[in-house]
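The values are calculated or read from the model by the stated rules, or taken from the named source; none is laboratory data. Quick caveat, the model's predicted, so the values are computed rather than measured. Using ideal geometry, Cβ is built from the backbone for each residue, glycine included, and neighbour counts are taken over all protein chains shown. Surface accessibility is based on the protein's heavy atoms, side chains included, excluding ligands, DNA and RNA. Shrake-Rupley method; radii C 1.70, N 1.55, O 1.52, S 1.80 Å.
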Amino acid sequence: MTATTRREIVQLLAGAPIFTAVDRNTIDALADLAVSRSWTAGAVLFNRGDDGSYLLALTEGRVRLSVSSAQGRELVLRHVGPGEVVGEFALIDGLPRSADATAVEASKGIIIQRAGFLRLAEARPSLGMALARHLCALLRSTNYQMESVVLYDLRMRVARFILLALRELHGEDIPPQTALRLGYSQTEFAAILGASRPKVNQVLQTLISDGVLQRDGDILICLRDRLERLLDDHDLKSD
């Protein structure tokens, strides 16, 4: 993989959700702190319990965040792709990592050390507010996912996950019909939902048969109104 140029670093930081409200001068100052890194497929970026001393932003590839039990069972928390960040908690508390991070495929990105970030944040308060807004959004997303896993059956978990992915792409203005490439293998998707691969595939086929989704290879064509109606009808029946 080629080295990350300064222009790519600036574009990455300016486009990352965590820094979208930050002015260009501050983005340039952040870029001065960035150091390029790359990882081969399967490489461990950090383990749960490691020192949390930097933020990572991806330019290429995909990283899996997960936690494992002493018995070897793994819970996949989320996947991170180009333009997204990993390890943002470390910028605030500097505490040990709360999850394992593994490169699912060959990946490239930049790291920003906590010490440099804190010095810059002291001089530019907009950075602290941007980080706070990002963490609030991340907490809301995590709560939504945990609610889905604990309170809903698998069919509703799949539907809610797809709707959340669409909202992350489009905000609340989701097109009536829109394509969604999950970016996960079927096994990884099932692990995120806390179910087996055959059961998740069965649910997807049911949603396709019901006209909620269509499939074009590895792309899901999502019909927004039918997806939202499915969730609304489920919630009404539960009341």
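Laid out as a table, the results:
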quantity	calculated
Computed E for Met129/Arg226 - FRET, C-beta separation, R0 41 angstrom, nearest 0.05	0.60
Distance (nanometres) between label positions extended 7 Å along Cα→Cβ at Val44 and Ser68	0.7
Distance (nanometres) between label positions extended 7 Å along Cα→Cβ at Asp51 and Ala106	3.1
FRET efficiency, 1/(1 + (r/R0)^6) with R0 41 Å, evaluated for Asp28 and Asp233 via beta carbons	0.25
FRET E, pair Val10, Leu118, Förster distance 22 Å, beta-carbon r, rounded to 0.05	0.60
Solvent exposure, largest accessible area first (probe 1.4 Å, DNA, RNA and ligands not counted), of His79, His170, His234	His170, His234, His79
Sequence-separation-based contact order of the chain, relative, with Cα cut under 8 Å and 6+ spacing, percent	19
Apportionment of accessible area to carbon and sulfur, the chain, percent (1.4 Å)	52
Choice from Ala179, Ala159, Ala57 with maximal GNM fluctuation in the chain (Cα, 10 Å cutoff)	Ala179
Contour excess over end-to-end distance, with Cα ends at Gln205 and Asp218 and 0.36 nm allotted per residue	3.4 nm
Charge-dipole axis of the chain as Lys and Arg at +1 and Asp and Glu at -1 on Cβ define it, positive-most pick from Ile221, Val85, Ala106	Ala106
Debye, to nearest 20: dipole size of the stretch 1-127, +1 on Lys, Arg Cβ, -1 on Asp, Glu Cβ	120
Accessible area, probe 1.4 Å, largest first, for residues Thr5, Thr102	Thr5, Thr102
Pairwise centroid distance, computed over Cα atoms, of the stretch 1-34 with the stretch 167-231, Å	32
Computed helical MRE - 222 nm, the chain, DSSP H runs ≥ 4 contributing -39500 (n - 2.57), nearest 500	-15000 deg cm²/dmol
